[in-house]
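Encoded as structure tokens, the structure appears first; notes follow it.
The values are calculated or read from the model by the stated rules, or taken from the named source; none is laboratory data. Quick caveat, the model's predicted, so the values are computed rather than measured. We place every Cβ from the backbone using ideal geometry, glycine too, and count neighbours over all the protein chains shown. Ligands, DNA and RNA are stripped out before the accessible areas are found, and what is left, the full protein with its side chains, is counted by its heavy atoms. Shrake-Rupley method; radii C 1.70, N 1.55, O 1.52, S 1.80 Å.
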Amino acid sequence: MRTIACAHLLGHPDAPMASARQVAIADGRIASVGPATGAVEPIVALPALVNAHDHGRAIRAGAIGAGGKPLESWLYFLAAFPAIDPYLAAAVSFGRSALGGVGTVMAHYTRTQGFTDLPTEAAEVAGAARDVGLRVGFAIAMRDRNPLVYGPAEPLLAALPADARAEITARFLRPAPSPAELVALADAVAARAAGPGFDVQYGPNGPQWCSDALLGAIAEASACTGRRIHMHLLETRYQRGFLDQAYPDGVVRHLDALGLLSRRLTLAHCVWARPDELALLAERGVTISVNTSSNLHLRSGIAPLAAMLAAGCRVAIGLDGYGLDEDDDALRELRLAHLLHAGTGFHVAASRAALLRAALAAGRLSVTNIDDGGAIAPGAPADLMLLDWDAIADDRLRDDLDALTLVLTRATARHIRELIVGGRTVVRDGKVMGIDYPAARAEALARTRAGMAANAAFGRALPHLERALAAHYEPEYPCC
């Protein structure tokens with residue numbers, strides 16, 4: 001048994017910060033919480049953060065020149081990354097998440113490395129998750145339409161020079177597997193890789209990229225297996241426009257008719273969701289992952305988080321691989337969401353407790369398919385983060401300062417003294433304990449740089465594709 005005596009402790013998102021508390025950990029769970037019986041350490045204990053939507057990328061998007069791009073062109077910049085060893089890529093991604101304070105993370109696996117079959121690759125990713133020490137949700141990307149734009153690709157291809165057209169066609173216009181084949185693949189991945197701390201899920205990319213036949217098959221499979229579904233929805237206004245045309249009665253009602261809306265579904269973004277859609281999502285028990293920094297980086301908009309909460313939606317917080325400083329700092333992401341959505345003046349639109357529930361608790365079901373944790377309480381999983389109180393409050397002038405206010409105002413990843421997941425120390429003083437993170441990151445960068453030459457033809461085609469995409473979505477505004 002391990003005992004931690006804390007200067008301050010947040011036991012639950014709805015509770016006030018308590019002072020001089022002692023936590024006992026045994027067998028991966030919280031054994032007891034009570035008043036400290038002796039001297040306390042200058043640390044603040046909080047439940048470990050949850051990243052409810054991410055993609056498990058090893059290298060940040062800015063490294064490939066994708067900064068400042070809208071989603072509809074940014075996605076294709078990611079294709080310029082060469083494939084590298086899947087264990088290495090996952091270890092770097094999960095290690096970076098851990099350093100940012102995340103104990104539980106969703107990996108919507110939209111880019112495979114492709115050296116082996118997917119079940120074998122997923123088993124490598126699961127091994128990386130175990131070695132780093134995180135709880136991971138692994139959603140298999142599934143799509144069967146609209147490989148280039150939302151609608152027919154021919155007009156876009158016609159706008160490209162011949163060489164660029166040939167490269168783009170060869171890379172993206174391939175026959176899609178059938179719905180039955182995609183569901184079977186996800187089930188095969190689950191059979192090979194799923195286990196404690198690694199939950200395999202169906203991951204349809206979004207209704208603009210998935211046929212009704214595929215979405216219906218996924219809904220049926222989820223109902224039969226109990227497996228969760230993780231999907232993007234209404235991230236950009238271009239998606240809103242396409243889906244409004246495709247589904248005049250509303251895309252959310254359409255998804256409901258297909259059987260997708262249930263407590264087993266997590267939707268990433270919903271930036272452009274309407275009040276009636278939020279009400280239906282709340283009624284069905286769907287979780288929404290709000291990804292504030294990513295939406296700002298990709299010029300997608302600002303999610304109506306306060307309206308989601310008012311409608312009764314279960315809201316979680318994700319980083320989507322694109323934190324404010326591209327560093328996966330989940331404490332900074334929590335602060336940004338709090339500042340952006342809290343309200344104006346004396347009007348509170350989204351309470352502090354609601355944001356803490358979103359960051360600490362709500363996403364655990366989305367990622368693990370187990371609705372537990374998010375608290376430091378007897379019997380709860382021992383997933384907690386210890387922050388350096390002296391560093392956070394080094395200039396305090398009063399002894400009665402609200403520690404939680406200072407944490408929300410100042411704390412970043414650099415203040416993390418320790419991250420504990422399931423009773424295991426995952427990060428201590430800036431070091432990932434289960435892997436050699438600096439060596440893994442250096443190796444991932446070296447392999448990526450060595451592989452860049454193989455994508456040279458695509459690199460030459462990319463500026464032409466970007467201009468054509470801009471003209472397709474915004475014909476009145478010249479780009480690039």
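In what sequence, highest mean first, do 257-263, 447-453 appear when ranked by Cβ atoms within 10 angstrom?
Working: 257-263: 17.4, 447-453: 13.4.
Answer by packing, highest mean first, reads 257-263, 447-453.
Asp14's amide H: which non-local residues (gap 5+, or another chain) put their own amide H closer than 5 Å, with H modeled 1.01 Å from N in plane and none for Pro or chain starts?
none
With a 1.4 Å probe and all protein chains left in place, how much accessible area per residue does the chain have, in Å²?
Details: 18870 Å² over 480 residues.
Value for the chain: 39 Å² per residue.
Dividing the convex hull volume of the Cα atoms of the range 28-106 by its residue count, what figure in Å³ per residue is obtained?
Values: hull volume 12.1 nm³, N = 79.
So the per-residue Cα hull volume is 153 Å³.
Using just the helices of the chain, give the 222 nm mean residue ellipticity in deg cm²/dmol: DSSP H runs with n ≥ 4 each add -39,500 (n - 2.57), and the total is spread over all residues, rounded to 500. Present the calculation step by step, with values, prior to reporting the outcome.
Working: 19 runs with 190 residues, N = 480.
After summing the helix terms and dividing by residue count, I get -11500 deg cm²/dmol.
Using alpha carbon centroids, what distance separates the range 332-355 and the range 244-315, in Å?
Taking the Cα centre of the range 244-315 as reference, the centre of the range 332-355 is 19 Å away.
Using modelled backbone amide H atoms (1.01 Å from N, in-plane), which distant-in-sequence or interchain residues come within less than 5 Å of Glu418's amide H?
Result for Glu418 returns Leu386, Asp429.
Mind listing the long-range amide H neighbours of Ala268? Cut-off is under 5 Å, sequence gap 5 or more, other chains count too, H placed in the peptide plane at 1.01 Å from N.
Correct list: Met231, His232, Leu233, Ser289.
Dipole of the range 249-327 (Lys/Arg Cβ +1, Asp/Glu Cβ -1, origin at the Cα centre): which of Tyr322, Ser294, Trp272 lies farthest to the positive side?
Trp272
Tell me, what HN-Hα J-couplings in whole Hz come from the Karplus equation 6.51 cos²θ - 1.76 cosθ + 1.60 at θ = phi - 60° for each residue of the range 106-111, using x for Gly and Pro?
Listing the rounded values in order: 8, 10, 7, 7, 8, 9 Hz.
Pop out the Kirkwood hydrodynamic radius of the range 166-235 from its pairwise C-alpha distances, inverse of mean 1/r, in Å to one decimal.
Working: mean 1/r = 0.0747 Å⁻¹.
Result for the range 166-235, one decimal place: 13.4 Å.
Mind listing the phi-derived Karplus ³J(HN,Hα) values for the range 131-143, rounded to whole Hz, using 6.51, -1.76 and 1.60 with θ = phi - 60°, and x for any glycine or proline?
Using θ = phi - 60°, the values come out as 5, 5, x, 9, 7, 10, x, 10, 9, 7, 4, 9, 7 Hz.
Please work out whether the range 6-47 counts as rounded, prolate or oblate from its C-alpha gyration tensor, where a ≥ b ≥ c are the square roots of the eigenvalues and a/c under 1.5 means rounded, while otherwise a/b larger than b/c means prolate and anything else oblate? Each step should come with its number before you reach the end.
Details: a/c = 1.80, a/b = 1.07, b/c = 1.68.
Since a/c reaches 1.5 but b/c is at least a/b, the shape of the range 6-47 is classed as oblate.
Just to be sure I understand the curve: with the Debye formula and one point per C-alpha of the range 244-400, what is log10 I(q)/I(0) at q = 0.10, 0.21 Å⁻¹?
Normalising to I(0) and taking log10 leaves -0.42, -1.46.
Can you work out the Karplus-derived ³J(HN,Hα) for every residue in the range 41-50? Use 6.51 cos²θ - 1.76 cosθ + 1.60 with θ = phi - 60°, whole Hz, and x for glycine or proline.
The phi angles translate into 7, x, 10, 10, 9, 10, x, 4, 6, 10 Hz.
Going by average Cβ density within 10 Å per residue, which order do the peptides 41-49, 211-219 take, highest to lowest?
Details: 41-49: 24.0, 211-219: 20.6.
Packing proxy ranking, top to bottom: 41-49, 211-219.
Would you mind telling me the share, in percent, of accessible area of the chain contributed by carbon and sulfur at probe 1.4 angstrom?
Solvent-exposed carbon and sulfur of the chain make up 54 percent of the total.
Can you work out the base-10 log of I(q)/I(0) for the range 82-166 at q = 0.16, 0.19, 0.22 1/Å, using the Debye formula on its C-alpha atoms alone?
Treating every Cα as an identical point scatterer, log10 I(q)/I(0) equals -0.72, -0.84, -0.98.
Based on C-alpha coordinates, I'd like the Rg and Dmax of the chain, in Å.
Cα-based Rg and Dmax for the chain come out at 22.3, 75 Å.
Quickly rank 280-292, 382-394 as a protection proxy: mean count of other C-beta atoms within 10 Å, highest first.
Ranking, from highest mean packing down: 280-292, 382-394.
How big is the Cα convex hull of the range 374-464 in projection, averaged over all directions, in nm²?
Working: hull surface 42.9 nm².
That works out to 10.7 nm².
Starting from the Cα gyration tensor of the range 223-272, take the square roots of the eigenvalues, sort them a ≥ b ≥ c, and report rounded, prolate or oblate (rounded when a/c is under 1.5, otherwise prolate if a/b is larger than b/c, else oblate). Intermediate results must be reported in sequence, preceding the final value.
Numbers: a/c = 3.30, a/b = 1.62, b/c = 2.03.
Oblate shape, in that a/c is at least 1.5 and b/c is the bigger or equal ratio.
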